[in-house]
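Report on the following structure.
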Amino acid sequence: MIRRLSILFSVSEAAPFIKEGGLGDVAGALPRALEARGHDVRVILPRYYAINPDRHGLKPLPGILVVPMGIMGEIRCGVWEGRLPNSGVPVYFLEHEAFYGREGIYGSGNEGFRDNDNRFVFLSRATLELCRMLEFAPDLIHAHDWHTAAVPLFLNTLYRHDPLLGKTASLLTLHNLQHQGSFYPGLMDVLGVGWEHFTSRELEQGNRTNLLKGGLYHATKLSTVSEGYSREIRTPEFGWGLDGVLRERADDLVGILNGVDYTEWNPENDPFIPARYSVTELSGKGLCKQELQRRFGLPQRPEVPLFGLVSRLVKQKGIDVLAAAIHRIVELDLQMVLLGSGEPWAHFYFGDIAARYPDRFRCHIGFSNQLAHEVEAGSDFFLMPSAFEPCGLNQMYSLRYGTIPVVRAVGGLNDSVENFNEQSLTGTGFKFRALTPDALADTMGWAVWSWYGNKPGIAGLIRNGMAQRFTWESAAQKYELLYYEAVEKKLGKDESDRRFPA
Ligand code: ADP
Ligand code: GLC
């Protein structure tokens, strides 16, 4: 029998309400998988301007939430309640016009909002005040990235002796260590926890208040979204200055690979794609390819290998390396489609490449879930040359769609893709190690060569990939064990055993 936990997710995005990247996918899917295992799971996030209460059937909760913001005094907000679709998971949305009543989640264009410090400290503190308002005492609060990294800090300080929350454990999941929520020192006064926490052990980093660092110090347990990344971030190359802190907390840090929501990403019943297909009946994939070529204005050549890429166009994703390699790449007999947005230079640069090589390369600058599905289904290969990749979801979607991933061997990409072995005909994709234009172009060259010259090898890769499953059920089981460990660490073994008899 399951020992039922109550868990509150405090997070900055959750699909289908709002999503900018994989974090939204995770926060939309993992709570459902945990609920299916019998836990009481809830989610809190801001009611961004883009979240339409009518469309999602949100209802206002009675009352006003009063959130202390240190030196700024008390700030009030409303709360909406909804549900994650196809579940009973309650989702609470903070309604605050000045903080969230604008276009964008984190910023506009490529610039972060100037008041992101207040916007996300508010979300973190409101998480705890909402518990009080609802008289909900979660066993554990699951915080994500810097946006809610202040939750563990608050639990350990201001709420340490709180009758309701004094025994609540915390887990901080790192989806991306590059962004740390590093702000001016005086943010300490807004946090209101006392300047004694502004030390190099806790929140101070480079004479700034670093919210993620505070979370790393205070969270009961830490996790990342792949095992590979959990090891990498303990090294200076991937640690973004926090590798020392992470080495100190290595005993409390684990990696759990994200899952895929196969109700959304499945070529057998995907409503977004022009034809459905499966591993035993692949002809629909050919139609998807034809349609993708038409959509992007490429010549309709069934025999040519088509590479897809769907990504935020930022350095993390290796697009600078792709840009440097592109002239070599377009020399190959291939086609490529790119969907994404991000760095302004990339919009211009890839647009220009498309104009120069219209038979080989096309791009769509923007965000479109519909097109993302079409690219997954219609491409033969999927490119992810990331500089670092905590998990990455598209390579796992690609496997399911019979679209062979070509990835850099880092983080979750390395954990979820097995390199092609031409002798044994095993593997699920093509991997390269060096983050250089030549390594990328050479590996794409190997993929193209295999496409034309090693048909059985390619067929094997497609078959092997389509058989892979990265389920949220399996990830949820691992999170559940981690939650138990966190609760036990927080309460002590005896009390934890009393509270959750085996
Ligand atoms: P990250 O969170 O670092 O951006 P992930 O691979 O974890 O990377 O997740 C990215 C998610 O966002 C995937 O679901 C992907 O399909 C989606 N995505 C990224 N860019 C776009 C885009 N331009 N249009 C539609 N979906 C996109
Ligand atoms: C981050 C990472 C990505 C990961 C996602 C969800 O955005 O960049 O690799 O898949 O979070 O965990």
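See the values below:
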item: Residue check, F350 within 16 Å of ligand 2 (Cβ to nearest atom) and farther than 18 Å from A447 by Cα; result: no
item: Conditions (1) more than 16 Å from ligand 1 (Cβ to nearest atom); (2) under 30 Å from A502 (Cα atoms); (3) touching a strand residue (DSSP E or B) at 6+ places or on another chain (Cβ under 9 Å); number of the one not met by I51; result: (2)
item: Cβ-Cβ under 8 Å pairs, at least 6 apart or on other chains, segment 291-310 side more than 16 Å from ligand 2 (Cβ to nearest atom), far side at pLDDT 95 or above and aromatic (F, W, Y); result: P305/F381; P305/W451; P305/Y452; L306/F381; F307/F381; F307/F382; G308/F381; G308/F382
item: Filter result (surrounded by fewer than 23 Cβ atoms within 10 Å (Cβ to Cβ) and within 16 Å of ligand 2 (Cβ to nearest atom)) within segment 1-11; result: none
item: Any hit, segment 15-23, residues being farther than 19 Å from L94 by Cα, touching a residue at least 40 places away in the same chain (Cβ under 8 Å) and open to solvent by less than 40 Å² (accessible area, probe 1.4 Å); result: yes
item: Search result, residues across segment 33-47 that are in contact with a Gly (Cβ under 9 Å, 6 or more places away or on another chain) and surrounded by fewer than 21 Cβ atoms within 10 Å (Cβ to Cβ); result: E35
item: Residue that is nearest to M336 (Cα to Cα), among those in segment 278-292 that are within 29 Å of the chain's Cα centre (by Cα) and open to solvent by less than 10 Å² (accessible area, probe 1.4 Å); result: L292
item: Segment 157-176, residues that are within 16 Å of ligand 1 (Cβ to nearest atom) and either closer than 22 Å to S496 by Cα or in contact with a strand residue (DSSP E or B) (Cβ under 8 Å, 6 or more places away or on another chain) (or both); result: T173, L174, H175
item: Subset of segment 314-329 [of a type outside the set (D, E, K, R), more than 16 Å from ligand 2 (Cβ to nearest atom) and either touching a helix residue (DSSP H, G or I) at 6+ places or on another chain (Cβ under 6 Å) or open to solvent by less than 10 Å² (accessible area, probe 1.4 Å) (or both)]; result: V321, L322, A323, A324, A325, I326, I329
item: Flag if R328 is under 22 Å from S398 (Cα atoms) and in the same structural domain as G453 (by TED's automatic domain parsing); result: no
item: All positions within segment 335-352 that are touching a residue at least 12 places away in the same chain (Cβ under 8 Å) and surrounded by fewer than 21 Cβ atoms within 10 Å (Cβ to Cβ); result: S341, G342, E343, P344, H347, Y349, G351
item: Pairs with Cβ under 8 Å, 6+ apart, first in segment 52-79 and modelled with pLDDT of 95 or more, second among the polar types (S, T, N, Q); result: M69/N118; M72/N118
item: Meets criteria (within 16 Å of ligand 1 (Cβ to nearest atom) and open to solvent by 50 Å² or more (accessible area, probe 1.4 Å)) for P62; result: no
item: Close pairs from segment 170-186: first in contact (Cβ under 8 Å) with a residue 60 or more places away in the chain and of a type in the set (A, V, I, L, M), partner within 16 Å of ligand 2 (Cβ to nearest atom) and open to solvent by less than 20 Å² (accessible area, probe 1.4 Å), Cβ under 6 Å, at least 6 apart; result: L171/H142; L174/T224; L177/I233
item: Residue within segment 245-255 that is open to solvent by 40 Å² or more (accessible area, probe 1.4 Å), among the β-branched types (V, I, T), outside any helix (DSSP H, G or I) and in contact (Cβ under 8 Å) with a residue 12 or more places away in the chain present; result: yes
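Here is a yes/no grid of residues against (1) in contact (Cβ under 8 Å) with a residue 12 or more places away in the chain; (2) in the same structural domain as S416 (by TED's automatic domain parsing); (3) within 14 Å of ligand 2 (Cβ to nearest atom); (4) of a type in the set (A, V, I, L, M, F, W, C):
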| site | (1), (2), (3), (4) |
| --- | --- |
| G192 | yes, no, no, no |
| H197 | yes, no, no, no |
| E202 | yes, no, no, no |
| N207 | yes, no, no, no |
| L212 | yes, no, yes, yes |
| R234 | yes, no, no, no |
| E237 | no, no, no, no |
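Conditions (1) within 14 Å of ligand 2 (Cβ to nearest atom); (2) within 24 Å of R301 (Cβ to Cβ); (3) surrounded by 20 or more Cβ atoms within 10 Å (Cβ to Cβ), marked per residue:
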{"position": "C363", "(1), (2), (3)": "no, yes, yes"}
{"position": "L383", "(1), (2), (3)": "no, yes, yes"}
{"position": "S386", "(1), (2), (3)": "yes, no, yes"}
{"position": "L399", "(1), (2), (3)": "no, no, yes"}
{"position": "G402", "(1), (2), (3)": "no, yes, yes"}
{"position": "V406", "(1), (2), (3)": "no, yes, yes"}
{"position": "G412", "(1), (2), (3)": "yes, no, yes"}
{"position": "S416", "(1), (2), (3)": "yes, no, yes"}
{"position": "N421", "(1), (2), (3)": "no, no, no"}
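The values are calculated or read from the model by the stated rules, or taken from the named source; none is laboratory data. Note that the structure is predicted; figures quoted are calculated from it, not measured. We place every Cβ from the backbone using ideal geometry, glycine too, and count neighbours over all the protein chains shown. Note: areas computed on protein heavy atoms with side chains; ligands, DNA, RNA excluded. Shrake-Rupley method; radii C 1.70, N 1.55, O 1.52, S 1.80 Å.
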